[in-house]
Amino acid sequence: MNSSLSTRPLASWPATVCALIAMAALFITGGGALALPLSALALLWTHFSPARLERESFTPWLLRLVAFAFVVFGGGARAALGSDGLMDARVVNLIGSVAAAELAIQHWRRYDERFPPSSVLLSSLVFLAASNTSDDRYVRFVGPLFITFLVFALRDLQRSPQNGEVKKLPRQRGLRASSTVVAYLVCVLVGGAAMHAGIDRFRSELMSLGMQFLRDRPLPQNAGISDRPRLSSRFETPDSPQRVLRIEGELPDSHLRAASFDFYSDGTWGTALSTRRTLPLDEKALQSKALGQRIGITRLTDIEGSFLFTPLNIAGVVAGGGNGIEGELENGPLRCDELSPYKYQVLANQDNIAGVPTHQGPLCVPPDEAARGRYLQLPPEIDPKVRDLARTITQGAAHPSEQAEQIVEYLMTNHRYSRVARRGGGDPVSRFLLEKRSAHCEFFAAATAVLLRCVGVPSRYVVGYLAHESAGEGVGIVRQRDAHAWAEAWIEGVGWVTVDGTPGDGRPDSLAPVPLWRRAWEWLQDGLNSFRARAVKWTPQQWMGGVGALVFLWVAIRWRPARRARHQAGTKYFSPAYRLEDLAQRFEKLLAQRGIAVSSARSWTRMLTDDEHRQAQHWAADYERVRFGAPDDEAAIERLEAALSQLETARTS
Amino acid sequence: MKSEPLISSLAAPIASQNGSQSSLARLEANLSGVIRGKREGVRLLLVALLSGGHALLEDVPGTGKTTLAKSLAASIEGNFRRIQFTPDLLPADITGSSFYNPAQGEWEFRAGPVFCNILLADEINRTSPRTQSALLEVMGESSVTIEGRRCPLPQPFFVIATQNPSDFHGTYPLPEAQMDRFALTLSLGYPDADSELEVLLERHTRDPFESLQPMIGCDEVLRLQERVRGVRVDRAIAEYIVRLCEATRRDTRLRLAISTRGALSLYRAAQARALLENRDFTLPDDVRELAVATLAHRLALDAKAKYAGAQPSTLIEEILDATPMPR
């Protein structure tokens, strides 16, 4: 690397003042540290001293910026949001010191057209850090001043030659200039005060807006589980193929219950879900001693009520981290208020009798006397003929299980499934049973329960989902349209079992398969959701690491082709020696300062034709000689540099 | 404010061979003595000569085309021939032909007027395309092939072709594709009043052409052509030339854009001009100032632009103004 230091035009003084104000603000509000005043002194020295760093390449600059960002966000963020949400003073000092050091280095570098004075931007950052403290009365005073100088610094930035066409900005002198400055100051003061007041007033709204964006919670879906199931003429469940659950493993029973209802009256099942107790259930309550195969169930969308869906005869439910499971064990529902995707596990047990699962896990609470009474209750509006029908159906059955079997068979053979049912007047179940109407699963479930109660088998009405769709090896998907209703019966000597009286074609099996595009979209959604769930738990360091890696990757990918494209587009300054490029840029700046309009399509020697620019013309001719004749002649370049410095210092004469 | 150069050590040219400097200067002075007030035209002609190309003069009669060509030939101690093209001229009248000499009993080759150093092809647009292409071929090949026998032309071989720009009756104007073979076009035009007065006064007693002394020899011209090829061209300048050509190819008003041959001509012409100004490196200004002369005749405007009154030279000026020059 060429070790010679050479002069360059002085740094833009508004930018330097901005930087100084920013550092001062930080010093005042941060409580004072030695690093800041030292950095301020260094900055001033770089402004007045002619010595300059050689040009740096892009990579160390970028690395330094990334490290700086890490320090600011990584180290500071943890401590930053303290108990009162404001930045710790030590952290502010640290930020200020690093930023100040960076500013000093930036000022010390040679001017490079490719990187606009980042010192201006960095000083803004420092200022923002300073203003984010409780002592903002200083900042309120110093703010307008900072913004004024920032505006001037940015105007200087605009003046640098971009495409060779330099805008000839007139020099304003005297009263006109002062009035401009005053006007700026007034606008900035007023604007700044208004902005400050606005932020103060709307601080809470802005914060909540930010939080909302971060923890975006989509509207919970209606799961098709109504608060009080009412037998109605239409099967009121959303017919949508929206996914609700993913099941990993072989379920012994495809009925996934949400809650059961025991009280029937006037075509409606109770008690309402909203009136049930929601007590936290600990691990012991949720797991029996028996072992079981772990089957994972993932809730894919947020649903109203945050229900958990499990088969009846499981050996246990295991929460998936975060909040625990709460609810009621006997009739459900089980709830867990976590964001989707939320994964929990059920322990499946293979106990069964003739294929019907019979394991009595934590959800199978044996009914006491009072409960039995509830499960056998029949309202008076049930037609007495229904009792006779029940007895007729279960004639000859010795055991309640046989009774249940016969009821199911009767319903399946004598009634047809239809999504629309005629409710009619009176008790809908009686009408349904006696008039052999076709209806949907709610009716079938209610009828099953009622018939069982008629023959003295305690039973209840259950709502939930039926898992039937497979999405690959050992994975099942449950969609909203798979909502279903069935009954559960308490069989003496066995326990609670599922009794589903809906005919085969009423089960969701017969629905249309899901199209490919929908499957692809669901796959994408899964990925995004799991990423989001992980991302919310990331620490700020991990965030910064991720962002930094992305920025680095983007820059690395874009940098080379961009450089090549710039070359091909015909950059104005393409020279084997960058020193000549530098000289050319300095010369053009000089011409701009002297108010000479220069076109990029004409050579300097043709533009500088009048007498008063004789010196500049000579220099331009010499430059051309070196540039196109002997660009490797170091001695000639040195002489050119010396001559240019002479020219530059002579501008005031 | 000082009026002398800042860096006196850089005031002198970096490289110069005093020999060639003076010979070119003398040549120029010689020609300027005969053709008054047309310094730029003379320089362009010398650029064409040194770059190894040929020149096309588009001029009204009586402006000194023949005089210029004869003076040039005299100055370089070369042979001068003139062909006046007429509609009934045959290719053999240019290249020469074989004829049977009964006295010696065999075929003899009689060289045509093209075997010379400086050829003035007058009114090239008055002859049939067959004859035109014969000449152009000769210009391209620098040799003549008669019945399988290849006869090289003397070196240096320089053609100055002329066209009368306002005479369209009974002419076969050269199509643009063949104009491409000329390195540059120039137009002398009428001299200004002072120069014309000088001419009249000078010719009152003597003919300046008679007192013309040869300045350099033909081999010196060949050496100069060699030196031209060695003039340094910075890569940025080559890219500038390419950008100009690309700009013409992108321009929608042009039916025919600059070919690689055109780019090469401009390249050589820039080198030649640099040598003429006693430099051994080209400057972007060389390219810029030769662009119109070298490129304008190679372009063809499309119908819409032509009827709108656009000229190739203005188009080139526009492109020059829009392309940034290397610094």
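Considering the range A:326-339, the residues that are surrounded by fewer than 22 Cβ atoms within 10 Å (Cβ to Cβ) and touching a helix residue (DSSP H, G or I) at 6+ places or on another chain (Cβ under 7 Å) include one that is nearest to A:P366 (Cα to Cα), namely A:L329.
Among the residues making up the range B:232-252, those that are more than 14 Å from every other protein chain (Cβ to nearest Cβ) and part of a helix (DSSP H, G or I) are B:T248, B:R249.
Considering each of B:V47, B:V114 in turn, give the residue that is surrounded by 21 or more Cβ atoms within 10 Å (Cβ to Cβ) and closer than 30 Å to B:E289 by Cβ. Every option except B:V47 fails the conditions.
Every residue in the range A:587-608 that is polar (S, T, N, Q) and either in contact with a strand residue (DSSP E or B) (Cβ under 7 Å, 6 or more places away or on another chain) or more than 8 Å from chain B (Cβ to nearest Cβ) (or both), please. Full working, then the answer.
Taking the range A:587-608 and keeping what is polar (S, T, N, Q), we get A:593, A:599-600, A:603, A:605.
Correct list: A:Q593 only.
Are any residues in the range A:425-442 of a type in the set (G, A, S), within 15 Å of A:K385 (Cβ to Cβ) and either in contact with a Gly (Cβ under 6 Å, 6 or more places away or on another chain) or surrounded by fewer than 16 Cβ atoms within 10 Å (Cβ to Cβ) (or both), and if so, which ones? If the condition is that a residue be of a type in the set (G, A, S), within 15 Å of A:K385 (Cβ to Cβ) and either in contact with a Gly (Cβ under 6 Å, 6 or more places away or on another chain) or surrounded by fewer than 16 Cβ atoms within 10 Å (Cβ to Cβ) (or both), then A:G426 is the only one that fits. Residues considered: B:E108, B:E137, B:E176, B:E141. Of these, the only one that is over 24 Å from B:G37 (Cα atoms), free of Cβ contacts under 8 Å to residues at least 12 places away in the same chain and surrounded by 15 or more Cβ atoms within 10 Å (Cβ to Cβ) is B:E137. One residue alone among A:V408, A:V386, A:V463 is touching a residue at least 60 places away in the same chain (Cβ under 8 Å), part of a helix (DSSP H, G or I) and within 50 Å of the chain's Cα centre (by Cα), and that residue is A:V408.
Within the range B:253-266, how many residues are surrounded by 24 or more Cβ atoms within 10 Å (Cβ to Cβ) and in a helix (DSSP H, G or I)?
2
For the range A:616-634, the tally of residues that are modelled with pLDDT under 85 and assigned to a helix (DSSP H, G or I) stands at 1.
Please verify whether A:A601 is modelled with pLDDT of 85 or more, surrounded by 19 or more Cβ atoms within 10 Å (Cβ to Cβ) and either aliphatic (A, V, I, L, M) or in a helix (DSSP H, G or I) (or both), treating the condition exactly as stated. Quick ask: steps written out before the conclusion?
Numbers: modelled with pLDDT of 85 or more: yes; surrounded by 19 or more Cβ atoms within 10 Å (Cβ to Cβ): no; either aliphatic (A, V, I, L, M) or in a helix (DSSP H, G or I) (or both): yes.
Considered against the rule, which asks whether it is modelled with pLDDT of 85 or more, surrounded by 19 or more Cβ atoms within 10 Å (Cβ to Cβ) and either aliphatic (A, V, I, L, M) or in a helix (DSSP H, G or I) (or both), A:A601 comes out as no.
Applying the condition of being more than 9 Å from chain B (Cβ to nearest Cβ) and touching a helix residue (DSSP H, G or I) at 6+ places or on another chain (Cβ under 6 Å) to the range A:618-643 and asking which residue is nearest to B:N278 (Cα to Cα) yields A:A620. Using the structure shown, decide if B:A270 is under 20 Å from A:A601 (Cα atoms), at pLDDT 95 or above and surrounded by 20 or more Cβ atoms within 10 Å (Cβ to Cβ). Yes, satisfied.
Checking the structure you have, find out if any residue of the range B:159-175 is within 25 Å of A:A601 (Cβ to Cβ), of a type in the set (S, T, Y) and either outside any loop (DSSP other than H, G, I, E, B) or in contact with a Gly (Cβ under 9 Å, 6 or more places away or on another chain) (or both). Quick ask: steps written out before the conclusion?
Of all residues in the range B:159-175, those within 25 Å of A:A601 (Cβ to Cβ) come to none.
Looking for residues that are within 25 Å of A:A601 (Cβ to Cβ), of a type in the set (S, T, Y) and either outside any loop (DSSP other than H, G, I, E, B) or in contact with a Gly (Cβ under 9 Å, 6 or more places away or on another chain) (or both), one finds none in the range B:159-175, hence no.
Among the conditions (1) part of a loop (DSSP other than H, G, I, E, B); (2) over 24 Å from A:G501 (Cα atoms); (3) β-branched (V, I, T), the only one that A:V365 does not satisfy is (2).
All told, B:A257 falls short of being within 11 Å of another protein chain (Cβ to nearest Cβ) and either touching a residue at least 24 places away in the same chain (Cβ under 8 Å) or not aliphatic (A, V, I, L, M) (or both). Summed over the range B:267-278, the residues that are touching a residue at least 60 places away in the same chain (Cβ under 8 Å) and not in a helix (DSSP H, G or I) give a count of 1.
The residue that is nearest to the other protein chains (Cβ to nearest Cβ), counting only those in the range B:220-231 that are of a type outside the set (A, V, I, L, M, F, W, C) and part of a helix (DSSP H, G or I), is B:R227. Looking only at residues in the range A:430-449 that are touching a strand residue (DSSP E or B) at 6+ places or on another chain (Cβ under 7 Å) and assigned to a helix (DSSP H, G or I), the one that is farthest from A:R419 (Cα to Cα) is A:A449.
Of all residues in the range B:279-292, one or more are within 14 Å of chain A (Cβ to nearest Cβ), within 20 Å of the chain's Cα centre (by Cα) and in a loop (DSSP other than H, G, I, E, B).
Filter the range B:298-315 down to residues that are surrounded by fewer than 22 Cβ atoms within 10 Å (Cβ to Cβ) and touching a residue at least 60 places away in the same chain (Cβ under 8 Å), then give me how many there are. Can you show your working first?
Keep residues of the range B:298-315 that are surrounded by fewer than 22 Cβ atoms within 10 Å (Cβ to Cβ), which gives B:300-311, B:313-315.
From what's left, touching a residue at least 60 places away in the same chain (Cβ under 8 Å): B:300, B:315.
So the answer is 2.
Looking at B:L57, B:L31, B:L24, B:L49, just one residue is modelled with pLDDT of 85 or more, away from chain A (no Cβ under 14 Å) and over 20 Å from B:T162 (Cβ atoms), and that residue is B:L24.
The values are calculated or read from the model by the stated rules, or taken from the named source; none is laboratory data. All values derive from a computational prediction rather than experimental measurement. Counting neighbours? That spans all protein chains shown, and the Cβs are built from the backbone with ideal geometry, glycine included.
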